[in-house]
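Here's the structure, in structure tokens; my notes come after.
Only the coordinates and a few stated rules stand behind these numbers; no lab work does. Keep in mind it's a predicted model, so treat the numbers as computed, not measured. Reconstructed Cβ throughout: ideal geometry from the backbone, glycine too, with neighbour counts over all protein chains shown.
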Amino acid sequence: MTPHSRIRRVGWIATLAVCTALYLLLHLKVNAVRSDVINAEREIVALEQRKLLLETEFETRSNQLQLAAWNRVDFGYVAPNAAQFLENERTLARFGTPRPAGAPAPIRVAGNSAEETPAFPKLVSPLTGKPIDEALIEPEARPARPGSLVAMTASGGNAVRIPLGAVVGSASR
Amino acid sequence: MNAYAIQVAVPAGRVQLVDVRRRALLLAQLRMLLIGAVFLALACAALLRITWLGVVQPAPSHRSMADALLPPRGEITDRNGVPLARAFPAYALWFNPRAMDDGGPPLVQSAASVAARLKAIFPDLDEYAVTRQLEAGKAGYLHRRVLPEDANRVTALGELALELPRETDRHYPQGSMAAHVLGYVEDGEGRVGMEAALDDQLSDPARRGAPVALSIDARVQGALEDELNRGMRSVSAAGAAGIVLDVDSGEVMALASLPEFDPNNVDAAGRDFVFNKVTNQVYELGSTFKPLTVAAAIDAGTVTDLSRRYSASPFHVAGFTISDSHGLGASLNVPEILIHSSNIGTAHIVDGLGAARMKRVMGDLGFNERPYIELPARGFPIWASGDWPRLRAMTVGYGHGIAVTPLHLATAYAAMVNGGIWRPATLQRVTPGQANRGRRVFKASTSARMNQLLRMIALYGTGRNANAPGFRVGGKTGSAEKPGSGGYNKTSLVSTFAAAFPMDRPRYVIIVMFDEPKGTLASSFQRTAAWNAAPTVGRLVPRIGPLLGVFPDDTRDIDITDLKPLVGDSE
């Protein structure tokens, strides 16, 4: 046996020993985790039983006969009558009065929530019914001199965005 | 070379000595080796054992959570999941005089002081009886259903003889409510109600994990029992029965028989009330049959003109005179017959219908067999077999000479108002659209007409006290004398109100029945159903209507304008 092969053999045995040791460690760890799981399950069972107990106690203390007895003595709630129910908007509208002749029209405010707003397009042409080109309504894209309100309004844009610190008119010049 | 010299130099005697020393040294080394080997073997064994414990041996015996949480008996809930009966892990307080096992007295303290301390924990304990039991030294229960906190306090007393065994107990959180529906458990077996009917399912390990949902609604059941109890006390009745039935699916929403018993504690007194008046006791239910008779006649086409007037003078048939409780004028039309509850008029209608057809319709309504329900106790009706003579058909027409259970009447009314389909009643929750297949008894047109007539009785007739505002109640009273020895007993009645609501689209049938009501101040000194059963329905409907999805509405009602002129002056 050459010294080389002896070293190789020792190396293999050492590797095997290390692997076995690691395997044993892992196995012990697995078993420990398994025990933890079982303990956790036992705790869950105990808690479930405790929950059942408390729930049953609550149901027993608040049973229908008891509630009826309390209601008779302490609360005196009675069944609601027809006037206390509103079935739909139509029944709600019954409580309104028609607008007398000559009265001003009520102010109506339209509302829109963020979810209902479509992402695109921002504006639809009332003439063609098609979305208007983004470039037309984005003032930044226009070749106007920044800071000049006159230039912006003169160009006939639909939307006007006034930058902070803008000077109205051209008095400074 | 040195050693060789010595060896040469030593004499024979010394050589022997060296040999002995060497042998002794060898022996000592051998012994050392042996002891070392033994220690090594022990260490190896220990190491192997540790390895075995850590690696090979399985983890602590594993019991699955599902097994641990499986109740010893299945839970029963109402249709909304409210628990009505459940296995309840409770402690019991057991006196074991041999616990100390030292030949001395079983208790450390005196029996009287232990009893006094127990009394402080359980205020309902009979201190004297417990003292006697502890002094006698006989093993036995001192208290059952002990809560964990109380169990801890008992342990703190430090008496070894007071044991707290854990028991699985059947507990009914709602107390006596729905006792006749649920029944009770004795010796591990269900008795009387659904505990008996579902016994196999509730004790089957494969199926008992999931709770069984009944068709009962706990809130409706509570309201029904509350109102029945109130009505029963106010008229000093011997008993009461009530049922709320879904007309489309046949589900029983509430079913009560009073006086009730407590399934948590069934004693001799409770056992007397176990009998179910709704499903097991048959009664002659009197005038509540009249709408069924009229429906049969309309359905058969023998009554086509509701304005036709029938004579209201006493009717002599086969040596028997049919009469009304009070004079109702010379003649009556069909709505008036129902509104004033005329026996004579109903007899004339049956005469036109014929006994054979009358019997067939009554049979179709299930009056010739036990009621269909899961409960084990179901009464057989008193039903005349063979061909009915003319008089028999007439008396059946107004609810005499036939005795059925209130449940029979409820299913028949459900068939009359729901469009004409008879369905068996059930106590198990029915998935919408999965109702039992029914059979057609009446035409839909007949049913629609009867809904109008029932509504008119509640608006203008004997059922006015049941007319809860906004709920469009319709129904019919019935006050039948109870049969006694030698004919009918004039003073003891069975008063019934059979109702349905809302009449513009009937959804629920209610039967309320009082057994032997007395005339009291609360019922204006009257004993008939108009003064006891009808007001009870009138109070019950507003309580249960919104719970069952029927909301009061003053703006809608069934259209009775075509029949209103026929009873023009009775309002």
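Only one of A:L65, A:L16, A:L26 is on the phi < 0 side of the Ramachandran plot and at the interface with another protein chain (Cβ under 9 Å from one of its Cβ atoms); which? Outline the logic, then answer.
Numbers: A:L16 fails: at the interface with another protein chain (Cβ under 9 Å from one of its Cβ atoms); A:L26 fails: at the interface with another protein chain (Cβ under 9 Å from one of its Cβ atoms).
Residue meeting the stated conditions: A:L65.
Yes/no per residue for (1) assigned to a loop (DSSP other than H, G, I, E, B); (2) out of contact with any Gly (no Cβ under 8 Å at 6 or more places or on another chain); (3) more than 11 Å from chain A (Cβ to nearest Cβ):
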| residue | (1), (2), (3) |
| --- | --- |
| B:S495 | no, no, yes |
| B:A522 | no, yes, yes |
| B:Q526 | yes, no, yes |
| B:V537 | no, no, yes |
| B:V550 | yes, yes, no |
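Looking at region A:72-115 only, could you name the residues that are within 14 Å of chain B (Cβ to nearest Cβ) and in a loop (DSSP other than H, G, I, E, B)?
Answer for region A:72-115, where residues must be within 14 Å of chain B (Cβ to nearest Cβ) and in a loop (DSSP other than H, G, I, E, B): A:G76, A:Y77, A:V78, A:A79, A:P80, A:N81, A:F85, A:L86, A:E87, A:N88, A:R94, A:F95.
If B:T561 meets every condition in (1) assigned to a loop (DSSP other than H, G, I, E, B); (2) within 14 Å of chain A (Cβ to nearest Cβ); (3) surrounded by fewer than 18 Cβ atoms within 10 Å (Cβ to Cβ) apart from one, which number is that one?
If we test B:T561 against (1) assigned to a loop (DSSP other than H, G, I, E, B); (2) within 14 Å of chain A (Cβ to nearest Cβ); (3) surrounded by fewer than 18 Cβ atoms within 10 Å (Cβ to Cβ), just (2) comes out false.
Are any residues in region B:497-520 acidic (D, E), part of a loop (DSSP other than H, G, I, E, B) and within 22 Å of B:S257 (Cα to Cα), and if so, which ones?
Result: B:E516, single match.
Does B:M177 qualify as being of a type outside the set (S, T, Y), surrounded by 15 or more Cβ atoms within 10 Å (Cβ to Cβ) and within 30 Å of B:A241 (Cβ to Cβ)?
Numbers: of a type outside the set (S, T, Y): yes; surrounded by 15 or more Cβ atoms within 10 Å (Cβ to Cβ): yes; within 30 Å of B:A241 (Cβ to Cβ): yes.
Spelling it out, B:M177 is indeed of a type outside the set (S, T, Y), surrounded by 15 or more Cβ atoms within 10 Å (Cβ to Cβ) and within 30 Å of B:A241 (Cβ to Cβ).
Only residues that are of a type outside the set (G, A, S), under 20 Å from A:V78 (Cα atoms) and out of contact with any strand residue (DSSP E or B) (no Cβ under 8 Å at 6 or more places or on another chain): list them for region B:531-571, please.
B:P535, B:R539, B:P542, B:R543, B:P546, B:L547, B:F551, B:P552, B:D553, B:D554
Results for (1) away from every other protein chain (no Cβ under 14 Å); (2) of a type in the set (S, T, Y); (3) more than 30 Å from B:E516 (Cα to Cα), shown as yes or no for each residue.
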| site | (1), (2), (3) |
| --- | --- |
| B:D150 | no, no, yes |
| B:R153 | yes, no, yes |
| B:E159 | yes, no, yes |
| B:L162 | yes, no, yes |
| B:E167 | no, no, yes |
| B:S176 | no, yes, no |
| B:D226 | no, no, no |
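Restricting to region B:512-554, give me the number of residues that are of a type in the set (V, I, T), buried (at least 24 other Cβ atoms within 10 Å of the Cβ) and closer than 12 Å to B:T477 by Cβ.
Of the residues in region B:512-554, 3 are of a type in the set (V, I, T), buried (at least 24 other Cβ atoms within 10 Å of the Cβ) and closer than 12 Å to B:T477 by Cβ.
Read through the list (1) among the hydrophobic types (A, V, I, L, M, F, W, C); (2) touching a strand residue (DSSP E or B) at 6+ places or on another chain (Cβ under 6 Å); (3) under 23 Å from B:S249 (Cβ atoms), then give the number of the only condition that B:L391 fails.
It is condition (3) that B:L391 fails.
Listed residues B:S257, B:S203, B:S236, B:S215; which is of a type in the set (S, T, N, Q), more than 14 Å from every other protein chain (Cβ to nearest Cβ) and crowded, with 24+ Cβ neighbours inside 10 Å?
Every option except B:S257 fails the conditions.
Is it fair to say B:D169 is without any contact (Cβ under 8 Å) to a residue 12 or more places away in the chain and surrounded by 13 or more Cβ atoms within 10 Å (Cβ to Cβ)? Walk me through it before giving the result.
Numbers: without any contact (Cβ under 8 Å) to a residue 12 or more places away in the chain: no; surrounded by 13 or more Cβ atoms within 10 Å (Cβ to Cβ): yes.
Judged against the criteria, B:D169 is not a match.
Condition first: more than 7 Å from chain B (Cβ to nearest Cβ) and within 34 Å of the chain's Cα centre (by Cα). Now tell me which residues in region A:39-49 satisfy that.
Hits for region A:39-49 are A:A40, A:E43, A:L47.
Of the residues that sit in region B:401-417 and are in contact with a helix residue (DSSP H, G or I) (Cβ under 7 Å, 6 or more places away or on another chain) and at negative phi, which one is surrounded by the fewest Cβ atoms within 10 Å (Cβ to Cβ)?
First, pick out the residues of region B:401-417 that are in contact with a helix residue (DSSP H, G or I) (Cβ under 7 Å, 6 or more places away or on another chain): B:401-402, B:409, B:412, B:416-417.
When the remaining residues are screened for being at negative phi, the result is B:402, B:409, B:412, B:416-417.
Details: B:I402: 23, B:L409: 28, B:A412: 27, B:M416: 30, B:V417: 28.
My answer is B:I402.
Mind telling me which of the residues B:V146, B:V154, B:V108 ends up being hydrophobic (A, V, I, L, M, F, W, C) and over 25 Å from A:L54 (Cβ atoms)?
Being hydrophobic (A, V, I, L, M, F, W, C) and over 25 Å from A:L54 (Cβ atoms) holds for just one of B:V146, B:V154, B:V108, which is B:V108.
Pairs, please: C-beta under 8 Å, at least 6 apart or cross-chain, first residue part of a helix (DSSP H, G or I) and in region A:12-37, second exposed (fewer than 10 other Cβ atoms within 10 Å of the Cβ)?
The qualifying pairs do not exist here.
Residue by residue, here is whether (1) free of Cβ contacts under 8 Å to residues at least 60 places away in the same chain; (2) touching a Gly at 6+ places or on another chain (Cβ under 7 Å); (3) among the basic types (K, R) holds:
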position	(1), (2), (3)
B:R230	no, no, yes
B:V235	no, no, no
B:E251	no, no, no
B:S287	no, yes, no
B:L292	no, no, no
B:L306	no, no, no
B:F320	no, no, no
B:I339	no, yes, no
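Please go through region B:341-360 and give me each residue that is surrounded by 22 or more Cβ atoms within 10 Å (Cβ to Cβ) and touching a residue at least 60 places away in the same chain (Cβ under 8 Å), ordered by number.
Once the filter is applied, which keeps residues that are surrounded by 22 or more Cβ atoms within 10 Å (Cβ to Cβ) and touching a residue at least 60 places away in the same chain (Cβ under 8 Å), region B:341-360 yields B:S341, B:L353, B:M358.
Looking at B:L125, B:L69, which one is surrounded by fewer than 16 Cβ atoms within 10 Å (Cβ to Cβ) and either over 30 Å from B:G183 (Cα atoms) or not charged (D, E, K, R) (or both)?
After applying the criteria, what remains is B:L69.
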